[in-house]
Structure formats: C-alpha cells, structure tokens
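Encoded as structure tokens, the structure appears first; notes follow it.
Derivation of every value follows stated rules applied to the coordinates shown; laboratory data play no part. Fair warning: this is a prediction, and the values are worked out from it, not measured in the lab. When we count neighbours, we look across all protein chains shown, and the Cβ atoms used for this are built from the backbone with ideal geometry, even at glycine.
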Amino acid sequence: MVRTFEILNARVLIVDDQESHVLLLERMLRGAGYTSIESTMEPSAVCELHRKNRYAAILLDLKMPGMDGFQVMEGLKEVDTHEDSPVLVITAEPGQKLRALKAGARDFVSKPLDLPEVLIRVHNMIEVSLLRLEIDLLRAQLVDAQKHQTSVTAAI
C-alpha cells in the first residue's frame, strides 16, 4: 500500500526548454505538496539524471530544440529496462499523443495545461511506480525465502 507522503516525497523531474513552463510546473507541484522536484532545460541531461536519481515521474516536453522528447525516450529505454517508463509527455500537438505512447510514454497531458489534470496524472504515475517497486521488493523476498527453504530442506 502506497501512502500519500511516499507519493509526495517521490522524485520528479521536469524537462522543458521554456523556463516559464518549468517554473509553472514546479510551482504547481510544490503547491500540491511534492517535495523532491528537479528540472532541466537540457534534454541531453535527462538520461544521466535518471540514471543517478531514478525518478518516479519525468514530465517531458516533446518539442525541444536539439533533442526532442522522442529522442529522450529512446535514451531512457537504455537506462530503464522496465517495460513502463516513468514518462509523462507534455504536448501541444494532438497527433503526437499516440506516437508518444507507442514510443514508451506512460501517459500524456496536453497544452495548454489543465493543472488539476496534471496533478492527478502525476499522482497516479508515481503511485504506479511505487507499487511496481514494492512488487519487485516482495518478489525478491519471495525468491530469497524459497532459496532458504530449499537449502534447509536439503540439509535435513
């Protein structure tokens, strides 16, 4: 069971080339109680930042100069071996939504941003990420218990 404080303390990364969008999203998330928010305006930095920090959610603008959000998602596939990435795509182009989901985004929001919708989608994404981590931990504990049981049985 994931508790609210775990969701609010989860790591979030905002990636957008426009400072005003970054500041808006940061303010909105902090106002909702999120405490661990980072941002970058450099899409080329995202993979290394995620490798170091393992974000529960990455809010990623698709349209950025130099390296677009699709290229960032391709790079994240090498960092994250999970089938689901923690990427919430932000786009103003309706035609990009399906392409983004096929490219590995878990969810999307449209510009102009509907702030209550963004908060709900971020909350849900983080909750799923934390539940997935909890499942992985429980699975590892089960495997360890089975190994221990096998070695005890073999010793008898």
Worksheet item: Which of the helices (runs of 4 or more DSSP H) contained wholly in region 1-76 include at least 1 residues that are under 19 Å from Arg106 (Cα atoms) and in contact with a strand residue (DSSP E or B) (Cβ under 8 Å, 6 or more places away or on another chain)?
Response: 19-31, 46-53
Practice prompt. From Ala100, Ala140, grab the single residue that is loosely packed, with under 13 Cβ neighbours inside 10 Å and either out of contact with any Leu (no Cβ under 8 Å at 6 or more places or on another chain) or in a helix (DSSP H, G or I) (or both).
Written response: Ala140
Practice prompt. Please specify each residue of region 116-132 satisfying the condition of being surrounded by 16 or more Cβ atoms within 10 Å (Cβ to Cβ) and either farther than 23 Å from Arg27 by Cα or not small (Gly, Ala, Ser) (or both).
Written response: Val118, Leu119, Arg121, Val122, His123, Met125, Ile126, Glu127, Val128, Leu130
Item to complete: Collect the residues in region 106-115 that are part of a loop (DSSP other than H, G, I, E, B) and surrounded by 15 or more Cβ atoms within 10 Å (Cβ to Cβ), keeping them in residue-number order.
Response: Arg106, Leu113
Response to the item:
Taking region 31-52 and keeping only residues that are loosely packed, with under 14 Cβ neighbours inside 10 Å and over 17 Å from His21 (Cα atoms), one is left with Gly33, Thr35, Ser44, Glu48, Arg51, Lys52
